[in-house]
1. In contact (Cβ under 8 Å) with a residue 40 or more places away in the chain, under 30 Å from Y18 (Cα atoms), surrounded by fewer than 18 Cβ atoms within 10 Å (Cβ to Cβ) and out of contact with any strand residue (DSSP E or B) (no Cβ under 9 Å at 6 or more places or on another chain): which single residue out of I130, I91 fits that description?
2. Can you tell me which residues in the stretch 9-36 are surrounded by 12 or more Cβ atoms within 10 Å (Cβ to Cβ) and among the basic types (K, R)?
3. Could you tell me which residue of the stretch 37-74 is surrounded by the fewest Cβ atoms within 10 Å (Cβ to Cβ), considering only residues that are more than 17 Å from V116 (Cα to Cα) and in contact (Cβ under 8 Å) with a residue 24 or more places away in the chain?
4. Residue by residue through the stretch 55-109, note down the ones that are among the hydroxyl-bearing types (S, T, Y) and assigned to a helix (DSSP H, G or I).
5. In the stretch 52-61, which residues are aliphatic (A, V, I, L, M) and modelled with pLDDT of 90 or more?
Amino acid sequence: MSERPSVKTNLSQRIPNYTRFVVAIPVLGLFASAVTLTVMAAVETANVIGQAAVGELLKKDAVLEFIELADVFLLATVLYIMSLGLYELFIDDSAPLPDWLSITSLDDLKSKLVGVVAVVLAVSFLGSVIKGIDPQALAFQGVGIAAVVAAMAYFLGSGKNSK
């Protein structure tokens, strides 16, 4: 006689399969956020180009505006990568993504995010340099950003060593 699987076992196997779709909520939220920021930055980019074209912006101001817009576009990219990563990890791992965006674990997602966050911080610092903020404040900001980047690098490195 064959043993019939218990209802408890059957249910415990099905729950993770169905509850993984709860992650669709942050996937959609992050995607909508990425699209919103991208559209807002694109509109602002067009405005800045228009102002620069008619001579309403000094060169330094235009450079600063474009760097700040690059920061917004990079943040939108971070949100997009998080959205795709969570989708790939929890909902459909066969999504047709480029190899550089292939995410097979939370560690993959963390490392991709840390890289983009480091770039966002660098762009933010560059914006502060161009603004010409107080040298002491700039030094504090630079040290703070360096500490955050070092902590992220340590975080990534310690995760790889523990495997």
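1. Values: I130 fails: under 30 Å from Y18 (Cα atoms).
Unique residue meeting the criteria: I91.
2. First, pick out the residues of the stretch 9-36 that are surrounded by 12 or more Cβ atoms within 10 Å (Cβ to Cβ): 20, 23-24, 26-36.
Within the stretch 9-36, R20 is the sole residue that qualifies.
3. First, the residues of the stretch 37-74 that are more than 17 Å from V116 (Cα to Cα): 39-66.
From the residues that got through so far, the ones that are in contact (Cβ under 8 Å) with a residue 24 or more places away in the chain too are 40-41, 44-45, 60, 63-64.
Numbers: M40: 13, A41: 19, E44: 15, T45: 16, K60: 11, V63: 15, L64: 20.
The residue in question is K60.
4. In the first step, residues of the stretch 55-109 are kept if they are among the hydroxyl-bearing types (S, T, Y); the result is 77, 80, 83, 87, 94, 102, 104-105.
The answer is T77, Y80, S83, Y87.
5. Taking the stretch 52-61 and keeping what is aliphatic (A, V, I, L, M), we get 52-54, 57-58.
Within the stretch 52-61, A52, A53, V54 meet the criteria.
The values are calculated or read from the model by the stated rules, or taken from the named source; none is laboratory data. As the structure is a computational prediction, the values presented were derived from the model and not from experiment. For neighbour counting, all protein chains shown are included, and Cβ atoms are generated from backbone atoms with ideal geometry for every residue, glycine included.
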